[in-house]
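The values are calculated or read from the model by the stated rules, or taken from the named source; none is laboratory data. If you're wondering where the values come from, they're calculated on a predicted model, not measured in any experiment. Every residue, glycine among them, receives a Cβ derived from its backbone with ideal geometry; neighbour counts consider all protein chains shown.
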Amino acid sequence: MTSPTSERAPHVLSGTRGPLVEGLIGSLLILLGSFGVGWLITASPIARMDWVIRLRTESDGVILSTVILTLGCWIMFRAWLRLGKALGEAKLHQQQDDVATQNQPADGRSKVQWPPGP
C-alpha cells in the first residue's frame, strides 16, 4: 500500500527538473564569468594562472567574462521564476487532491451529484 505522500511526490517533482538544470547552467556561467571580472585575492594561486591573467587584463577577456557572467545571471533568474511557478502549480495540485480526498466518502462514491436530481 502506498502512503499519501508518495502519491503526491510526482506532482512536486514533475515540473522542477527543467528549472533546476537551467539554474545549474546559469550558476556555472556565473562561476566562469567571475574568473575574469570577479574579485580574487592577490595571494590566490588562481590569480596566477595564465588563462585567468589573460581574462583579467585583455579587453576581449573582460568583455567575454562580463557577457558570460551577465548571461548566467539572466538564466539563473529565469530558472528561479520557472521553479517558483512549478512549485506553485504543484502546491495547487496537492490542494486539489486533498479537497478531492476529503469530499470522497469511505465507500468511494462522490458526494456531489451532477446534474442535480431528486
For region 21-42, pairs from a residue that is more than 13 Å from residue 67 (Cα to Cα) to a residue that is of a type in the set (D, E, K, R) and surrounded by fewer than 16 Cβ atoms within 10 Å (Cβ to Cβ), with Cβ under 9 Å and 6 or more apart or across chains, are 22/78; 23/78
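Rundown of residues vs (1) within 26 Å of residue 86 (Cβ to Cβ); (2) at pLDDT 95 or above; (3) surrounded by 12 or more Cβ atoms within 10 Å (Cβ to Cβ); (4) not charged (D, E, K, R), yes/no style:
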position: 25; (1), (2), (3), (4): yes, yes, yes, yes
position: 29; (1), (2), (3), (4): yes, yes, yes, yes
position: 33; (1), (2), (3), (4): no, yes, yes, yes
position: 42; (1), (2), (3), (4): no, no, no, yes
position: 47; (1), (2), (3), (4): no, no, yes, yes
position: 51; (1), (2), (3), (4): no, no, no, yes
position: 56; (1), (2), (3), (4): no, no, yes, no
position: 66; (1), (2), (3), (4): no, yes, yes, yes
